[in-house]
Amino acid sequence: MKMKAAVVNEFGKPISIEEVTIEPPGEGEVRVRVAAVGVCHTDLHGVKGEHGSSELPAIFGHEVSGFVDEVGKNVTYVKPGDRVLISLMKAGCGECFYCQVGQAVHCVKNKIRRVRPETGGLAGPSRCLNKDGMRLWQLTGTYAGFAEYTIVREEHLCKVDPDIPMETAAVLSCAVISGFGATINRSQIKPFESAVIVGTGGVGLSAIQGAAFCGAHPVIAVDILDSKLEAARSFGATHTINSAKVDPIQAVMELTDGRGADHVLMTVAGIKLKRVGFAMLSVRGRMVMIGHAGREYMNEFEVTEFMGGRSIFGSAMGGINLRVDIPRMLDLYRTGRLKIDKMITGRYSLEQINEAFASTEKGDVLRNVVLL
Ligand SMILES: [Zn+2]
Ligand SMILES: [Zn+2]
C-alpha cells in the first residue's frame with residue numbers, strides 16, 4: 001500500500017515527504033501504524049551521512065511507538081490493535097547459550113537474523129519499502145520510523161499498556177533505556193559511588209536518573225548550556241559543570257576530593273570528548289561509552305593509562321532485557337521515579353521533520369518527538 005514517509009535522498013540536505021510503497025508483513029514480521037518517533041542523535045548522524053555505512057535513499061527513525069496494523073505468518077506476540085514500542089533492542093529467543101545464561105542482550109538467534117539479506121544487515125535495502133520500484137534503505141536495517149507505517153520483526157516489539165502516552169513509549173524505546181539501562185547494567189553503580197554524566201539530552205537525563213536510582217553520590221552533570229544543566233538538576237543531578245566555562249576534569253577532581261569519578265557515562269559523540277571523560281576517572285574508575293557517531297577509533301588512548309585499573313565499556317541500548325526491563329521502567333514511570341514526559345520539549349508533525357532535526361542539532365532541547 002501507499003503511505004507518506006520522510007525520505008532522505010541526499011546526505012545533509014532537507015528530508016522530503018514522499019509517497020512510498022510498503023509491502024504486507026512477511027513471516028515473523030509486523031506492520032505498525034506509527035504514532036510517535038523520537039529524534040535521536042543516531043538519526044541526526046545518519047541523515048548527515050556520518051555513519052559511513054548508510055546508503056540512500058533511506059528512511060530513518062528508530063525511537064518508535066505505534067499500533068499493530070497487520071501481522072505476518074507465525075507472529076505470536078502481538079495482534080492487530082495492540083499498542084507497542086519498537087526498539088533496536090530485541091527480545092531474546094530464550095533458547096540460545098546467552099539467553100540460557102541470562103544475557104538475552106547477546107542473543108545469537110537475533111544476531112543471525114540481523115545479517116540476513118532480506119533484512120539488510122546494519123543498513124540494508126529494505127525488502128518491504130520502495131519508491132516507484134526502487135528499494136529504500138533503513139538506518140538500522142530493521143525498521144524505519146519516520147513514516148506512517150513501518151514493518152519490523154516481532155522480537156523488536158514490546159507491548160505498552162493504554163495508560164502510557166505514545167510519545168512517552170517512543171522516548172523510552174531508545175533514549176531512556178540507553179541512559180538508565182547503562183547505569184544499572186554497564187556501569188553497575190553502587191551506593192555512594194560518584195558518577196559523572198557527560199551530555200544532558202534525553203540519554204544523559206536518563207543516565208542521571210539511573211545513577212540517582214542506583215544510589216550514586218555525587219551525581220555530576222556536564223554540558224555546555226546552563227539551561228540544560230538546570231534541567232539536569234531537576235532530574236537528579238546534585239552538581240553541574242559547564243564545560244564551556246570551566247575545565248571539566250579539574251572541576252570533577254574538586255567534587256571528588258581529588259580522586260576522580262568512580263563512573264563516567266559518556267552520552268555524547270566524539271573521541272576527543274571520550275578522552276576528556278577518561279581523564280575524569282579515579283583509579284579503578286569505569287567509563288561507559290553510550291553515544292557515538294558511527295565509527296570512532298580509540299587511537300587517542302595509551303595502554304599505560306589503563307594500568308591503574310581504569311576501564312572503558314561499551315553499551316548497546318543500556319544492555320536491557322527488552323520485555324523484562326521495559327515493564328519495570330514503566331512501573332517506575334507510573335510512580336514518578338522515572339521522569340520521561342518532562343524530557344520531551346519539542347513536538348513536530350512529519351511535515352516538520354526538518355525543523356525537528358535542526359532543533360535537535362542546535363542542541364538547546366532535551367528530546368524532540370515527531371507525532372503522526
Ligand atoms: Zn537512538
Ligand atoms: Zn537467544
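Each peptide in 315-323, 176-184, 225-233, 8-16 was scored by the mean count of other Cβ atoms within 10 Å over its residues; highest first, the order is 176-184, 315-323, 225-233, 8-16.
In order along region 142-156, the Karplus-derived 3J(HN,Hα) couplings, from 6.51 cos²θ - 1.76 cosθ + 1.60 at θ = phi - 60°, round to 10, 6, 9, x, 7, 6, 5, 9, 9, 10, 8, 5, 5, 5, 7 Hz, and Gly and Pro are given as x. Extending 7 Å from Cα along the Cβ direction at Arg328 and again at Lys79 yields two label points whose distance is 3.0 nm. Between the helical axis of 353-362 and the longest alpha-carbon principal axis of the chain there is an angle of about 10 degrees.
Dipole magnitude for region 178-317: about 280 debye, using +1 per Lys or Arg Cβ and -1 per Asp or Glu Cβ, origin at the Cα centre.
Taken over the alpha carbons of region 260-328 as equal point scatterers, the Debye sum produces base-10 log I(q)/I(0) values at 0.19, 0.20, 0.21 Å⁻¹ of -0.76, -0.81, -0.87. Residues whose amide H comes within less than 5 Å of that of Ile197, counting only those at least five positions distant or on another chain, are Ile220, Ala221, Val222, Leu265 (H built at 1.01 Å from N in the peptide plane).
Our note on the geometry: Cα centres of region 1-50 and region 255-329, 31 Å apart.
Rounded to the nearest 20, the Cβ-based charge dipole of region 260-320 about its Cα centre (Lys and Arg +1, Asp and Glu -1) stands at 60 debye. Pair-distance distribution P(r) for region 1-95, from all Cα-Cα distances in 5 Å bins starting at 0: 3, 12, 18, 22, 19, 15, 9, 3, 0 percent.
Helical content of the chain, expressed as a calculated mean residue ellipticity at 222 nm, amounts to -6500 deg cm²/dmol (DSSP H runs of 4 or more residues, -39,500 (n - 2.57) each, divided by residue number, nearest 500). In whole angstrom, region 178-317 maps to an equivalent ellipsoid with semi-axes of 19, 16, 16, each derived as √(5λ) from the alpha carbon gyration tensor and ordered largest first.
Cα convex hull of region 121-257: mean projected area in nm², to one decimal?
Numbers: hull surface 45.3 nm².
Dividing the Cα hull surface by four gives the mean projection, 11.3 nm².
Listed by chain and number, the aspartates and glutamates placed with their C-alpha closer than 17 angstrom to that of Lys362 are Asp43, Glu50, Asp223, Asp226; residues fewer than eight positions away on the same chain are left out. For the set Lys90/Lys228; Lys13/Lys245; Lys159/Lys228; Lys109/Lys272; Lys274/Lys342; Lys48/Lys272, the pairs lying more than 25 angstrom apart at their alpha carbons are Lys90/Lys228; Lys13/Lys245; Lys159/Lys228; Lys109/Lys272; Lys274/Lys342. Extension gain, Ala244 to Phe97, is 48.2 nm, computed as 0.36 nm per intervening residue step minus the present C-alpha separation.
Taking neighbour counts of Cβ atoms within 10 Å as a proxy for exposure, in what order, fewest first, do Phe278, Phe97 appear?
Details: Phe278 22, Phe97 10.
Final ranking by Cβ density, sparse to dense: Phe97, Phe278.
Residue ranges 361-367, 146-152 sort as 146-152, 361-367 when ordered by packing (mean number of other C-beta atoms within 10 Å per residue, highest first). Computed from the alpha carbon atoms alone, the convex hull of the chain holds 129 Å³ per residue. Placing +1 on each Lys and Arg Cβ and -1 on each Asp and Glu Cβ, with no other charges, gives the chain a dipole about its Cα centre of roughly 660 debye. When you count the other C-beta atoms within 10 angstrom of each residue and take the mean per peptide, 203-212, 295-304, 246-255, 162-171 line up highest first as 203-212, 162-171, 246-255, 295-304.
Any read-out appearing in this document is the output of simple, stated calculations on the displayed coordinates, not a laboratory observation. Computed from a prediction, not measured in an experiment: that's the story for all the values here. Quick reminder, even Gly has a Cβ in these numbers, built from the backbone with ideal geometry, and neighbours come from all protein chains shown.
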